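Below is one structure, written out as structure tokens, with a few remarks after it.
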Amino acid sequence: MQTDFRTHPLFQEAESRTRAWLRPGTGEASALGQLVASPDGRRAAAAAAVCDKLEGAPSTRIALIDLDSGDLHIVTSGPRSDSAPKWSPDGRTIAFLSDREQAYINRLRLLDVESRADRGTTAIDGFIEYLDWSPDGSAILLGVAAYGSELAGAQGARAVALDSASDEQPAWAPAVEGGPEATPWRSLWIYDLAGDTARQITPSGVNVWQGVWCGPSHVAAICSDRPEETWWYSADVRLIAIGGGATRTLFQPADQLGWLAATASGRTIAVVEAVCSDRNIVAGDLRLIDTESGGITRPSTLGADIVQLHWRDEDHLLFMAAQGLDSVIGLVDRAKQDVRELWRDRQRAPSGAYFPEVAPLGDRPEDMLFLCETFFDAPTLIVFEQGQERRVRQFGTPETAAALEGLGSAQDFSWTAPDGLEIQGWLLTPPGPGPHPVIMQVHGGPVWYYRPIYVGRSTMAQMALAAGYALFQPNPRGSSGRGQAFARLVFGDMGGADTYDYLSGLDALQEAGIADPRRIGVTGGSYGGYISAWLVTQDQRFAASVPVAPVTNWVSEHLTCNVPSFAQTFLEDQLSNPTGKYFTRSPIHYADRVRTPTLNICGALDKITPPGQALEFHRALRGHGVVSVLITYPLEGHGPRSMPAIFDYVARMMAWFRDHIPANGK
């Protein structure tokens, strides 16, 4: 494989398809995220994808959308990304985060809605990850990560440092690990609007992963006593007094926590407890915590995995959830002890960064706002009022819509695993009858899932379908949306029964005349990278494999990644067990079985699946005469995410599949 891919036709195709979607330099919004409705329900603010040029990570700007006319106005100018907009209670100000000074270093900025002028605020020693207005609008709660803190795996799993910090030490100075002073912490701060001042409110020794206002004098927070990423997995819920920082633990879960929300009075906290693989990827069961008594209730939520929460008033809790292949929006009514389904769809899914997202709208608890998309329909902004949908605005570009015309079709697909368990997934096929060459895409996690996402936003999906490949997206045991018992099936058995979920899915595709058994490839990132490496050691059917940011040796993964508790938890074994799963479930130990040409891809800055994992598998394969190439991106973390590296990555992957499983069958 050539070193410089920039002149390769597939690189140019990846760049061209991305250009058609993002329209760099036009100032147009290609999509929205982080929707929030104004207090009067007439407008929405959002982080709009606006591309200046095809370099770096995709950028966003704050946009205002009239919910009657659909008119959209970009009201900030960057550079880089302006994100996380939040309306003040009076609707006059939008607080947002911006990394316009340095990538990933978010600062707080305030936008005057009437004049549309924004201003910076007092500097804080660290970068801001989220914000929350006080109920009276006089202050803003800020979640601040100290410089050197690491992004979650889904965000890229790389450390974020201030550029100027390098001036404090000479170039020869060593990195230090293990000392308390060497580990950055996450804390909560309060920004006072009248005085343009900020102060830390959390005491030393408390690391805060997420925090929200909980009445006027307290905050609720998901906390740990240590700051390293691995300690998120055992975090708990605490109530912290704003004056003095007195802290009380309210809930110590059996699993992991996310989606913290509190009523305006502070009397009730809602949180989701779930079996989790990564911070921010939380889909599970609702817990309601009474802050006075400490009592915990566990309301039923339609048997679905909750992925987002919003209190509408003291008794009504709006939630987004996944149930099988369906996206579900529901409402908990505590006064009536009732849970109602408000909206459900299978072929359409609300848009969202990690899971579907919904935003409250107006005063009626049932009213809401969300973007909705299918595999072949661009995201559409929808107002849902009094049980009825109203389309406000569709996103996308004519060029991308034209490129998708006749590109293929999508359907849900179910089959039975060897042990009788029903497994579900999605299948995208090119035009014409099968059997097709198939690329199986394995999702990360393992606790996550595939849902309908517009193909126009995926250069790889467009290129694969256009070339004649079918894309198979299974949700095996361990995936979200099927309840916590289903998710827990992968615990202690990574690479075990789920192996046969994938293989039996391919068998089912072959039996249905969809898959050509001679032309099957596999790819995936993170846990999907692990499975892409693992499957070729267990089965000879694969003609090509592309593991991305994989785990290939659980021993070295445990000892070199930033979340060693992950391996111990999900393998349910000990590093000291010489015949245990740290060894028997590591692909490197079966490299002698592999016949599949393998393209290994990793980022040099990855903290959660360090680049040594891809290197070990590559060297093991080469040692047994297997065709293997290793691609390491020097400026990337957990998978390629920035341009033009992502064009290079997609081009190399498609070239690998083209060479080893040609779509024309020759």
Of the residues that make up segment 483-494, is at least one within 21 Å of Arg346 (Cβ to Cβ), open to solvent by 20 Å² or more (accessible area, probe 1.4 Å) and touching a helix residue (DSSP H, G or I) at 6+ places or on another chain (Cβ under 9 Å)? no
Kindly provide the set of residues from segment 545-598 that are touching a helix residue (DSSP H, G or I) at 6+ places or on another chain (Cβ under 6 Å), under 21 Å from Ser628 (Cα atoms), assigned to a helix (DSSP H, G or I) and among the small types (Gly, Ala, Ser), ordered by number. Ala591
Within segment 19-48, residues more than 24 Å from the chain's Cα centre (by Cα) and in a strand (DSSP E or B) come out as Arg43
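If a residue has to be open to solvent by 50 Å² or more (accessible area, probe 1.4 Å) and of a type outside the set (D, E, K, R) to count, how many in segment 328-339 make the cut?
Qualifying residue count for the region: 2.
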Odd one out for Leu250, checked against (1) touching a Ser or Thr at 6+ places or on another chain (Cβ under 8 Å); (2) within 18 Å of Trp189 (Cα to Cα): (2)
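Please find, among Leu407, Leu421, Leu428, the residue that is under 29 Å from Ile514 (Cα atoms), open to solvent by 10 Å² or more (accessible area, probe 1.4 Å) and touching a Phe, Trp or Tyr at 6+ places or on another chain (Cβ under 8 Å).
Answer to the check: Leu407.
Filter segment 12-44 down to the residues that are touching a Lys or Arg at 6+ places or on another chain (Cβ under 8 Å) and either in contact (Cβ under 8 Å) with a residue 40 or more places away in the chain or on the phi < 0 side of the Ramachandran plot (or both), then identify the one that is surrounded by the fewest Cβ atoms within 10 Å (Cβ to Cβ).
We begin by selecting, within segment 12-44, every residue touching a Lys or Arg at 6+ places or on another chain (Cβ under 8 Å); these are 21, 24-25, 29-31, 36-37.
Keeping just the survivors that are either in contact (Cβ under 8 Å) with a residue 40 or more places away in the chain or on the phi < 0 side of the Ramachandran plot (or both) gives 21, 24, 29-31, 36-37.
On the way: Trp21: 24, Pro24: 17, Ala29: 22, Ser30: 23, Ala31: 23, Val36: 19, Ala37: 22.
Here the residue is Pro24.
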For the subset of segment 628-637 comprising residues that are touching a Ser or Thr at 6+ places or on another chain (Cβ under 8 Å) and open to solvent by less than 20 Å² (accessible area, probe 1.4 Å), which member is nearest to Ala604 (Cα to Cα)? Glu636
Need pairs with beta-carbon distance below 9 Å; first residue on the phi > 0 side of the Ramachandran plot and within segment 317-331, second open to solvent by 10 Å² or more (accessible area, probe 1.4 Å) and basic (Lys, Arg); sequence gap 6+ or separate chains. Gly324/Arg346; Gly324/Arg482
Scope segment 8-59; condition in contact with a strand residue (DSSP E or B) (Cβ under 9 Å, 6 or more places away or on another chain) and polar (S, T, N, Q); matching residues: Thr18, Ser30, Gln34, Ser38, Ser59
Ser83: without any contact (Cβ under 8 Å) to a residue 24 or more places away in the chain and either more than 20 Å from the chain's Cα centre (by Cα) or crowded, with 20+ Cβ neighbours inside 10 Å (or both), yes or no? no
Long-range neighbours under 7 Å by Cβ, at least six apart or interchain, first residue under 16 Å from Gly153 (Cβ atoms) within segment 562-584, second basic (Lys, Arg): Asn562/Lys607
Please go through segment 86-106 and give me each residue that is open to solvent by 50 Å² or more (accessible area, probe 1.4 Å) and either more than 17 Å from Ile128 (Cα to Cα) or in contact with an Asp or Glu (Cβ under 6 Å, 6 or more places away or on another chain) (or both), ordered by number. Pro89, Asp90, Arg92
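Can you report the number of residues in segment 340-357 which are aliphatic (A, V, I, L, M) and surrounded by 19 or more Cβ atoms within 10 Å (Cβ to Cβ)?
So the count comes out to 1.
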Failed item in (1) under 19 Å from Asp285 (Cβ atoms); (2) open to solvent by 20 Å² or more (accessible area, probe 1.4 Å); (3) touching a Pro at 6+ places or on another chain (Cβ under 8 Å); (4) not aliphatic (A, V, I, L, M), with Tyr500 passing the rest: (1)
Write out, first by first residue and then by second, each pair whose Cβ atoms fall under 8 Å of each other, whose residues are 6+ apart or on separate chains, and whose first residue, in segment 108-120, is over 19 Å from Val144 (Cα atoms) and acidic (Asp, Glu) while the second is part of a loop (DSSP other than H, G, I, E, B) and open to solvent by 30 Å² or more (accessible area, probe 1.4 Å). Asp112/Arg92; Glu114/Arg92
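When the residues of segment 388-403 are narrowed to those that are small (Gly, Ala, Ser) and over 24 Å from the mean Cα position of the chain (by Cα), which ends up most open to solvent (accessible area, probe 1.4 Å)?
Filtering segment 388-403 for residues small (Gly, Ala, Ser) gives 396, 401-403.
Subset that is over 24 Å from the mean Cα position of the chain (by Cα): 401-403.
Numbers: Ala401: 50, Ala402: 69, Ala403: 39 Å².
That would be Ala402.
Just one of Val237, Val206, Val176 is touching a Cys at 6+ places or on another chain (Cβ under 8 Å) and farther than 27 Å from Met320 by Cβ; which is it?
Working: Val237 fails: farther than 27 Å from Met320 by Cβ; Val176 fails: touching a Cys at 6+ places or on another chain (Cβ under 8 Å).
Val206 is the lone residue from the list that is touching a Cys at 6+ places or on another chain (Cβ under 8 Å) and farther than 27 Å from Met320 by Cβ.
Would you confirm, using the coordinates I've provided, whether Ile62 is under 25 Å from the mean Cα position of the chain (by Cα), within 18 Å of Ser30 (Cα to Cα) and touching a residue at least 40 places away in the same chain (Cβ under 8 Å)?
Working: under 25 Å from the mean Cα position of the chain (by Cα): yes; within 18 Å of Ser30 (Cα to Cα): yes; touching a residue at least 40 places away in the same chain (Cβ under 8 Å): yes.
For Ile62, the condition - under 25 Å from the mean Cα position of the chain (by Cα), within 18 Å of Ser30 (Cα to Cα) and touching a residue at least 40 places away in the same chain (Cβ under 8 Å) - is met.
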Every residue in segment 358-387 that is surrounded by fewer than 21 Cβ atoms within 10 Å (Cβ to Cβ), in a loop (DSSP other than H, G, I, E, B) and under 22 Å from the mean Cα position of the chain (by Cα), please. Thr374, Phe376, Asp377
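Mind telling me which of the residues Val282, Val208 ends up being open to solvent by less than 20 Å² (accessible area, probe 1.4 Å), at pLDDT 95 or above and in a strand (DSSP E or B)? I'd like the intermediate steps shown before the answer.
On the way: Val282 fails: in a strand (DSSP E or B).
Going through Val282, Val208 in turn, the sole match is Val208.
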Quick check on segment 526-583: of everything there that is of a type in the set (A, V, I, L, M, F, W, C) and open to solvent by 30 Å² or more (accessible area, probe 1.4 Å), which residue is nearest to Glu150 (Cα to Cα)? Leu559
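Looking at segment 107-122, which of the residues that are outside any strand (DSSP E or B) and farther than 17 Å from Val36 by Cβ is most open to solvent (accessible area, probe 1.4 Å)? Give the steps one after another, and end with the answer.
Restricting attention to segment 107-122, the residues satisfying the condition of being outside any strand (DSSP E or B) are 113-117, 121-122.
Now narrow it down to the ones that are farther than 17 Å from Val36 by Cβ: 114-115, 117, 121-122.
Details: Glu114: 174, Ser115: 75, Ala117: 58, Thr121: 32, Thr122: 48 Å².
Step by step, filter segment 107-122, then rank; the result is Glu114.
Within the bounds of segment 493-512, is there any residue that is more than 19 Å from Ala417 (Cβ to Cβ) and either at pLDDT 95 or above or not in a loop (DSSP other than H, G, I, E, B) (or both)? Please lay out each step first, then the result.
First pass over segment 493-512, keeping only residues more than 19 Å from Ala417 (Cβ to Cβ): none.
No: segment 493-512 contains no residue that is more than 19 Å from Ala417 (Cβ to Cβ) and either at pLDDT 95 or above or not in a loop (DSSP other than H, G, I, E, B) (or both).
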Yes or no: segment 446-463 includes at least one residue that is surrounded by fewer than 20 Cβ atoms within 10 Å (Cβ to Cβ) and either among the β-branched types (Val, Ile, Thr) or touching a helix residue (DSSP H, G or I) at 6+ places or on another chain (Cβ under 7 Å) (or both). yes
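Does at least one position in segment 142-156 carry a residue that is assigned to a strand (DSSP E or B), modelled with pLDDT of 95 or more and either farther than 16 Å from Pro227 by Cα or of a type in the set (Phe, Trp, Tyr) (or both)? So that I can check it myself, show each step before the final result.
Start the filter on segment 142-156 by keeping residues that are assigned to a strand (DSSP E or B), which leaves 142-145, 150.
Subset that is modelled with pLDDT of 95 or more: 142-145.
If we keep only those that are either farther than 16 Å from Pro227 by Cα or of a type in the set (Phe, Trp, Tyr) (or both) as well, we get 142.
The answer is yes, given that some residue of segment 142-156 is assigned to a strand (DSSP E or B), modelled with pLDDT of 95 or more and either farther than 16 Å from Pro227 by Cα or of a type in the set (Phe, Trp, Tyr) (or both).
For Val307, indicate whether it is open to solvent by 10 Å² or more (accessible area, probe 1.4 Å), within 30 Å of Phe375 (Cβ to Cβ) and not in a loop (DSSP other than H, G, I, E, B).
Details: open to solvent by 10 Å² or more (accessible area, probe 1.4 Å): no; within 30 Å of Phe375 (Cβ to Cβ): yes; not in a loop (DSSP other than H, G, I, E, B): yes.
In short, no.
The values are calculated or read from the model by the stated rules, or taken from the named source; none is laboratory data. As the structure is a prediction and not an experimental result, all values here were calculated from the model. Ideal geometry is used to build each Cβ from the backbone, glycine not excepted, and the neighbour counts take in all protein chains shown. When the accessible area is computed, the model is the full protein with side chains, heavy atoms only, and any ligands, DNA or RNA have been set aside. Shrake-Rupley method; radii C 1.70, N 1.55, O 1.52, S 1.80 Å.
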